[in-house]
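As structure tokens, the structure follows; a few thoughts come after it.
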Amino acid sequence: MPSISFLGTGSGLPSAERFFSSAILSVDGRNLLIDAGEPCVHLLRDRGDVLQEIDAILLTHGHVDHVGGLPALLQGAMLLERTKPLTIYLPGEMVSPFRDWIRALYLTEEGLGFPLRWVAWIDQETVILGDDLSVTPYANTHLQSCYRPLPGANLSRSCDSYSLEIYHGAGRNFRAVFSGDLSSPDELKPLLADPLSVLVCELSHFSMSELAQVLKDASVGSLCLVHLSEDLAEDREYLQEKLEELLPKIGDIIIPGDGEHLDF
């Protein structure tokens with residue numbers, strides 16, 4: 001049975017109650033880490049041997065609240081004597097900076113003790129992760145909208161950010177989408193044409209009414225809301241009640257907390 005363990009469900013705003021974005025999708029004994037916001041290595045260590053057994057890391061984009069825990073994760077895996085190869089899927093423009101970052105922190109890829117492979121996402125190009133398990137990245141404009149207006153931004157720099165569609169099962173009967181961060185919920189529309197087992201969606205960069213408008217006719221078994229804006233995070237009961245009212249066709253609406261584990 002597929003399951004998701006939510007390690008960190010907070011937004012980019014530091015919070016004493018919620019850690020930065022990170023979750024484990026487990027299917028048939030395989031574990032995919034979606035984003036690596038800190039302090040994911042500590043939370044993984046709490047789950048037995050998961051840190052040594054992660055099959056792949058899937059990074060939606062390069063914002064620090066989604067990737068800041070990666071060096072500590074690699075160091076932790078090294079110190080726990082991981083030997084299993086690890087592949088990190090990520091936006092292509094982040095590969096060289098990450099490798100430089102690791103070297104700058106006095107780690108070497110050769111010294112980790114396990115083979116490390118970096119694979120750049122290509123928009124809508126499916127990656128096969130094993131028998132009956134695949135992931136397809138869908139580009140969105142989140143980084144373009146929030147990075148390029150910043151003073152001092154390099155306007156020629158690539159700003160790749162992705163939502164991830166994950167299929168599992170011989171009949172592709174389990175289908176999950178992790179939104180990553182978005183500019184608008186409209187960017188979910190290409191991923192809503194077919195039924196979804198679960199949608200893990202951020203709710204920080206747009207309103208609940210905007211999200212509800214996009215999802216009102218979608219076939220979604222479970223909607224998990226993470227990365228909440230500060231005002232919504234302070235009144236999750238209201239958010240739950242309001243979205244259940246706005247989205248009566250959704251099977252379950254869940255606002256998971258850090259550490260929560262859900263089976264699907």
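Between residue 155 and residue 110, what is the label-point separation in nm under the 7 Å Cα-to-beta-carbon projection?
Taking the two extended label points, one gets 4.3 nm.
Given C-alpha coordinates of the stretch 5-87, what is the ratio Rg to Rh with the Kirkwood estimate of Rh?
0.94
How many nm is it between the label spots at residue 124 and residue 216, if each spot is 7 Å from the Cα in line with the beta carbon?
The modelled label-to-label distance comes out at 2.7 nm.
Kindly provide the helix-only [θ] at 222 nm of the chain, computed as the sum of -39,500 (n - 2.57) over DSSP H runs of four or more divided by all residues, to the nearest 500 deg cm²/dmol?
It lands at -6000 deg cm²/dmol.
Using 0.36 nm per residue of separation minus the Cα-Cα distance, give me the extension gain between residue 47 and residue 194 in nm, one decimal.
So the extension gain works out to 49.6 nm.
Which of the peptides 25-34, 204-213 is most tightly packed, and how do the rest follow, going by the mean number of other Cβ atoms within 10 Å of each residue?
Per-residue Cβ counts within 10 Å, averaged per peptide and sorted highest first, yield 25-34, 204-213.
Please give the net charge around residue 67, taking every other residue with its beta carbon less than 11 angstrom from that of residue 67, where Lys and Arg add +1 and Asp and Glu add -1.
Surrounding charge for residue 67 is -3.
How do 133-146, 100-113 rank on mean C-beta neighbours within 10 Å, highest first?
133-146, 100-113
Mind putting a number on the dipole of the chain about its Cα centre? Charges go on the C-beta only, +1 for Lys and Arg and -1 for Asp and Glu, and I need it in Debye to the nearest 20.
Rounded to the nearest 20 debye, it is 640 debye.
What does the stretch 3-263 give for Rg and for Dmax, in Å, if only its C-alpha atoms count?
Rg and Dmax of the stretch 3-263, Cα atoms, are 17.7, 54 Å.
Looking at 261, 152, 27, which one has the Cα that reaches farthest to the positive end of the dipole of the chain (charges on Cβ: Lys, Arg +1; Asp, Glu -1)?
Of the listed residues, the answer is 152.
Every read-out reported here was derived from the displayed coordinates using simple, explicitly stated rules and does not represent laboratory data. The model shown is predicted, which means the values in this text are computed figures rather than measured ones. Ideal geometry is used to build each Cβ from the backbone, glycine not excepted, and the neighbour counts take in all protein chains shown.
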